[in-house]
Amino acid sequence: MTKKDSDIAFNLISRQKINGLTSEEKLNFIIKEVKNGKILVLEQGLTPVEQAGLIERTMKEIEQDTFIGVEMEGYGEDTPTFLQKLFGMAKRPRMTLIGPANLLKMIKKDSDMIQTKIISGSGAK
């Protein structure tokens, strides 16, 4: 199957797929997919620790000509209850959008919508 330069692939990743991976496996999976020019929509987002790990790994793997990093945005869960805070039970974001920084630009985010712009052509693989 050949891929046109302007084709952009989206992967919608289920909560079950994400929950079935360790944190390290999640980061490996995400970075591999993004390096291949894919935009991921995770039904259940990453924890704050996983998000920080993704940013750290991305910074280490940047290659000016082939991989300039990731763009990431997500919705947080509702405010944790007192008991969740007391026992350190942080909820994961409801949804996270992750893609190559050269293809995906966040325009606007509010409580109901994330607006993005997808840049095709010379930025796409």
Among the candidates Gly20, Gly69, Gly45, which residue alone is in contact with a Pro (Cβ under 7 Å, 6 or more places away or on another chain) and either of a type outside the set (Val, Ile, Thr) or over 25 Å from Ile119 (Cα atoms) (or both)?
Gly45
Would you check which residues across region 70-87 are at pLDDT 70 or above and within 22 Å of Lys26 (Cβ to Cβ) and list them?
Val70, Glu71, Met72, Glu73, Gly74, Tyr75
Residues in region 44-62: is at least one under 17 Å from Arg94 (Cα atoms) and touching a Phe, Trp or Tyr at 6+ places or on another chain (Cβ under 9 Å)?
yes
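Step by step: first the residues of region 88-125, then only those that are part of a loop (DSSP other than H, G, I, E, B) and modelled with pLDDT of 80 or more, then the one that is surrounded by the fewest Cβ atoms within 10 Å (Cβ to Cβ). Which residue is that?
Narrowing region 88-125 to residues part of a loop (DSSP other than H, G, I, E, B): 88-94, 101-103, 110-113, 119-125.
Remaining after also requiring modelled with pLDDT of 80 or more: 101-103, 119.
Working: Ala101: 17, Asn102: 17, Leu103: 22, Ile119: 15.
Across region 88-125, the extreme among qualifying residues is Ile119.
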If we take region 1-71, then helices (runs of 4 or more DSSP H) inside it with 3 or more residues that are touching a strand residue (DSSP E or B) at 6+ places or on another chain (Cβ under 8 Å) are 23-35, 48-61
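The values are calculated or read from the model by the stated rules, or taken from the named source; none is laboratory data. It should be emphasised that the depicted structure is a prediction, and the values quoted were computed from it without experimental measurement. Counting neighbours? That spans all protein chains shown, and the Cβs are built from the backbone with ideal geometry, glycine included.
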